[in-house]
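To start, the structure under review is shown below, and the notes come after it.
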Number of protein chains: 4
Amino acid sequence: MILRLGQIELFVTDLNKSKDFYVDVLGFIEVERTESSLYLRAIDEFDRYSLILTQKPKAALGSFSLRVSSPEYLRELEKQHQEMGIATQYVENSIHPGKGPVLKVAEPNGHPVEFYHAMEEINVGNKSGGVDALPMRYSHLHRGIPPVAIDHMNLRVTNVDKALEYWQAIGFSISEYVQGDEGKFAAWTRAKTSTHDVALVQHKETSLHHIAYIVDGISSVVKTADLLADAGYRANIDYGPGRHGVTNAFFLYVRDPDGHRIEIYSGDYKRDTDLPPIGWTKEEYDTKGRLWWGPSVPDSFFETTPVNDEWMKEKVTK
Amino acid sequence: MILRLGQIELFVTDLNKSKDFYVDVLGFIEVERTESSLYLRAIDEFDRYSLILTQKPKAALGSFSLRVSSPEYLRELEKQHQEMGIATQYVENSIHPGKGPVLKVAEPNGHPVEFYHAMEEINVGNKSGGVDALPMRYSHLHRGIPPVAIDHMNLRVTNVDKALEYWQAIGFSISEYVQGDEGKFAAWTRAKTSTHDVALVQHKETSLHHIAYIVDGISSVVKTADLLADAGYRANIDYGPGRHGVTNAFFLYVRDPDGHRIEIYSGDYKRDTDLPPIGWTKEEYDTKGRLWWGPSVPDSFFETTPVNDEWMKEKVTK
Amino acid sequence: MILRLGQIELFVTDLNKSKDFYVDVLGFIEVERTESSLYLRAIDEFDRYSLILTQKPKAALGSFSLRVSSPEYLRELEKQHQEMGIATQYVENSIHPGKGPVLKVAEPNGHPVEFYHAMEEINVGNKSGGVDALPMRYSHLHRGIPPVAIDHMNLRVTNVDKALEYWQAIGFSISEYVQGDEGKFAAWTRAKTSTHDVALVQHKETSLHHIAYIVDGISSVVKTADLLADAGYRANIDYGPGRHGVTNAFFLYVRDPDGHRIEIYSGDYKRDTDLPPIGWTKEEYDTKGRLWWGPSVPDSFFETTPVNDEWMKEKVTK
Amino acid sequence: MILRLGQIELFVTDLNKSKDFYVDVLGFIEVERTESSLYLRAIDEFDRYSLILTQKPKAALGSFSLRVSSPEYLRELEKQHQEMGIATQYVENSIHPGKGPVLKVAEPNGHPVEFYHAMEEINVGNKSGGVDALPMRYSHLHRGIPPVAIDHMNLRVTNVDKALEYWQAIGFSISEYVQGDEGKFAAWTRAKTSTHDVALVQHKETSLHHIAYIVDGISSVVKTADLLADAGYRANIDYGPGRHGVTNAFFLYVRDPDGHRIEIYSGDYKRDTDLPPIGWTKEEYDTKGRLWWGPSVPDSFFETTPVNDEWMKEKVTK
């Protein structure tokens, strides 16, 4: 089965500027740098990296990767997609370091999705014992906020109900949703037990609204703004801090040098995925769901990031 | 499949004393009180309750309940246990409020285990919308620490390897373990992705070492000791605060008026359950695993709580 | 000499509504209630109370009280004020419980100021030993935010430079100021070593902008908004959270049921009072000083509370 | 008058080892390094430095410096000491960078004390405006714990009552004390309004027990132990964490590479210095005062650091 969101690749236009923002200010751990990409990790992650920044002429969502429970499940997903009439690419060796075979698809809205099972873990299994095996032990690497773990993505789609057909077909369940007059306006869906791996919100075009990293409590969310203002990134503080009604998250949205929006948050909840979702009317969402309390939403918050338009056309060695 | 630890029932000798300790000082939410039992909830739980305190002549672990993903899976577990030669009782109506059918078993070491699927949720589904549906919204109910959610139990068994046969057979995976000269000394096993639902540690007899509630960060762990000392429970602070090597938990162990040990902790980690466990030698465990840093272990920390010796003999209506 | 801000009296129009807001939601400790007044304390204060809410037909700043280092210093201040041509009233017995003699003055802008030395302390001196003598021990009284200690007031005056003449004459020093084209626009002044007891900001009329209580860290500031939204006071969240440039405070401004503004904050600094103040130009203040980072200032933030217009006319027994 | 503890000089035997401990692990900011000394600052301090580590053949307390309110007050203190029959040295130019004239004395127990008024401040007054003038703005310099500000010293003396005669003569007031059968066993004294600048505790010889830095809340105290254990300094964690009854501090004591003990703490209180002290009997102190709750005191906690035996013999240019 699908377990969780594992990695995100963002296209950026200047790797050095990105490094200053993500590594030097926010405190992401730089794992590896190749000619074209920077691989980053948050402090409580066992996977070698969770964020890939790749230099490209145009900023975009490159792709995102969902981890599955076994190598065999990749083949099962391949079959399942083919039955749904969705084109797939099975790639034996990912172009990214430490990553095993991947199954690439463009979900019906056009979002670039990748499934994988094998990913090199950091320090676990490499050493004789457990003593030094835990990422959260390396307190001396904690700088910046620091980011704790990748959590979710918020995607914009032109038709939420239609998008849900796909995400529910591959096993995601809805934690919360907003019911509009003509179908669902938004839905938070997940493989794991927290509120979401993938949120789907109605928009005029397929795009990315934000990616999200969880941090250690309310004071770390606020520290993000302190760090950015101190380092000359005051204008990159997009919205917040405040509290969402949906998901209960205490949030701060920031923009990276390319305008990609990152949610730095704490405070959502866990609930078994078999339980019925929590529903909001559009009016409830507008008055309390989007914003339980906090500053009013600025116009800039409705801007989104385009998605990789070369996704299924990239040459792969199958 | 099995999802997580859901409830624990402790036998206590004086409900009023227990109420003072758990509700008035630590801040558990009192959900319901019957003639013989007190039902308690932590602040971020959707289940109506997670802790049942039942008045009995002798303090003991009454039982603990594991939630499964569907009603059908209870019958599947029943068959699986019968194939393992383990006696079962399928009870159509739990004696506890809001709980559906349960499957009772005594696992091979004698621990009183119960499986269930249906449990009444608090305020979700009862209301038209999501606005007021989230337990974590009720800030005015936050008192004491407050406890955030039930997390795990630490059981003592006479043979860890043998106990693991059972727990792995029903689908639990090992997150960490300690390898002794003659088999495993301890293992942390789980259905969910955090470090454990059930820890198994070698001991001269089957018993309970502690139950554990997670709280919101390091300062809430410390607040527990402040509250207890202020309320006249200084002697109930058993051990800590300190940091475990295994699981990375920042811990404080306290004893309730009957001597039941409660771990109040924050800071463990999440890791997919299919990944290989982290192993410690016994020497590593003794020098760094049990205690990454902190005060040395007092003798009282090796005392344990007996288990319900009437578990499978109780009369039920099947 | 003058030591610090000690108490504030606010006129409110409905004591029961005020009690719900201050005591039941925010967690002020109710110390005493008389027919007309409610006396409140924060958790780390030794004085019996720091906030007096008095029922009156019209909401206003009743007065504020500054503590001096000896009874004799009251008489010295009396003389000093008379030399400045400022009317005084020396009141042998304060109308407020536990308070010794007070010297009443209307400072040149018309703000109702009171000086005092003797104030009953809570539990210190009443008991044989120190064991139970510290207010911060009573963890079981910690509810709501809770507020930790009274800190400062922000007054509006028609001429800051003129107001400073008075405050500097009685020994206050400036920690920070904003230099406008025609004199100072604002100044933060204090008797104690933190950034201010009394801030003075230019306005069209003498009035109170806010009173401020310090709380325990960033998460307590945010908890204030969570508590208010949960308890039906979402509309009372006036501005923030955000970070001031001046004083470095992480702030949240809330309005009580009468519209009095309370700053709930953490994070300012200490600096010896003999050192030269930190100056900002008006432009620096407008771009970074008022708001180092955070949501833009809403219009409502410029509303102020009138001051007691009966202050020096009240009948006293001298 | 005397305002507060300003700097401490410790003699250390290996500056490089000290740098690793204080700067690289704990997060003190390195301000300047000369051939023989390392000058360090905590993050919320305006003085250029508060800790001087000076390489010497033998570890000891070099001296400590108390800031006074004016240059003239140094001369007043000189006269006052001469009247008490205490030898003094007035040094026009301190050997330490940025520091003005100092008055050196050995207080009656032999502790090396220095008084000063002028000390270079960091970035205040050097720049045109306030915008970048506040030390707490430099979030990018926050590493390690980080330490927030110097707070106090705990000195051992052979006769507490006799030592108090001196400290009270120069204007310190007692916040708390422990009354033994034959005079006071301990006293916490201060110039500022927090619980102490200088604690005096009975011991067989004049020595230093610990110096103390305040940090930002409970989680920062705990982070100190996490950092030390991670960086190979597990054995340097001396005692704690726990809560003192006296002063209410949440403490962790650590030892530097030379065995100097540093208290990392949060949570004491402020109270006007004119108010009567809080007294404990020796029995109250032994049962609750030293340790309100926490692990029992290890023997190592009674070891102390010798004091500079060349203090008044050093050659100075007067």
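The values are calculated or read from the model by the stated rules, or taken from the named source; none is laboratory data. Note that this is a predicted model, so its numbers are computed, not measured. Cβ: placed from backbone, ideal geometry, glycine included. Neighbour counts: every protein chain shown. Calculation scope for accessible area: heavy atoms of the full protein, side chains included, ligands and nucleic acids excluded. Shrake-Rupley method; radii C 1.70, N 1.55, O 1.52, S 1.80 Å.
Does D:Ala118 satisfy being at pLDDT 95 or above, open to solvent by 10 Å² or more (accessible area, probe 1.4 Å) and either more than 14 Å from chain A (Cβ to nearest Cβ) or in contact with a helix residue (DSSP H, G or I) (Cβ under 8 Å, 6 or more places away or on another chain) (or both)?
Numbers: at pLDDT 95 or above: yes; open to solvent by 10 Å² or more (accessible area, probe 1.4 Å): yes; either more than 14 Å from chain A (Cβ to nearest Cβ) or in contact with a helix residue (DSSP H, G or I) (Cβ under 8 Å, 6 or more places away or on another chain) (or both): yes.
Yes, satisfied.
The set of residues in the range C:280-311 that are away from chain A (no Cβ under 14 Å) and buried (at least 20 other Cβ atoms within 10 Å of the Cβ) comprises C:Trp280, C:Tyr285, C:Thr304, C:Thr305, C:Val307, C:Asn308, C:Trp311. When B:Arg255 is tested against (1) in contact with a helix residue (DSSP H, G or I) (Cβ under 7 Å, 6 or more places away or on another chain); (2) open to solvent by 30 Å² or more (accessible area, probe 1.4 Å); (3) at pLDDT 95 or above; (4) farther than 18 Å from B:Leu51 by Cβ, exactly one condition is not met: (4). With respect to (1) within 12 Å of another protein chain (Cβ to nearest Cβ); (2) farther than 30 Å from D:Pro277 by Cβ, the lone exception for C:Ser69 is condition (2).
Here are some residues: A:Arg137, A:Arg156. Which one is within 17 Å of the chain's Cα centre (by Cα) and among the charged types (D, E, K, R)? Please lay out each step first, then the result.
Details: A:Arg137 fails: within 17 Å of the chain's Cα centre (by Cα).
Result of the check over A:Arg137, A:Arg156: A:Arg156.
So which residues in the range C:125-144 are out of contact with any Pro (no Cβ under 7 Å at 6 or more places or on another chain) and either modelled with pLDDT of 95 or more or open to solvent by 20 Å² or more (accessible area, probe 1.4 Å) (or both), if there are any at all?
So in the range C:125-144, the residues out of contact with any Pro (no Cβ under 7 Å at 6 or more places or on another chain) come out as C:126-144.
Selection gives C:Asn126, C:Lys127, C:Ser128, C:Asp132, C:Tyr138, C:His140, C:Leu141, C:His142, C:Arg143, C:Gly144.
Being at pLDDT below 95, surrounded by fewer than 17 Cβ atoms within 10 Å (Cβ to Cβ), among the hydroxyl-bearing types (Ser, Thr, Tyr) and part of a loop (DSSP other than H, G, I, E, B) is not true of C:Ser94.
Since B:Glu83 meets every condition but one in (1) more than 28 Å from B:Thr158 (Cβ to Cβ); (2) at pLDDT 95 or above; (3) surrounded by fewer than 22 Cβ atoms within 10 Å (Cβ to Cβ), which condition does it not meet? Condition (1) is where B:Glu83 drops out.
Does B:Asp256 fit the bill of being more than 10 Å from chain D (Cβ to nearest Cβ), within 24 Å of D:Tyr233 (Cα to Cα) and within 22 Å of the chain's Cα centre (by Cα)? Judged against the criteria, B:Asp256 is not a match. Of the residues screened, A:Thr273 is one that is open to solvent by 30 Å² or more (accessible area, probe 1.4 Å) and either more than 14 Å from chain C (Cβ to nearest Cβ) or aromatic (Phe, Trp, Tyr) (or both).
Scan the range A:50-76 for residues that are of a type in the set (S, T, N, Q) and over 21 Å from A:Trp167 (Cβ atoms) and report the count. Reasoning before the result, please.
Here is the first cut: in the range A:50-76, the ones of a type in the set (S, T, N, Q) are A:50, A:54-55, A:63, A:65, A:69-70.
Subset that is over 21 Å from A:Trp167 (Cβ atoms): A:54-55.
Residues meeting the conditions: 2.
Within the range A:50-75, the residues that satisfy the criterion of being among the small types (Gly, Ala, Ser) and open to solvent by less than 10 Å² (accessible area, probe 1.4 Å) are A:Ser50, A:Ala60, A:Gly62, A:Ser63, A:Ser65.
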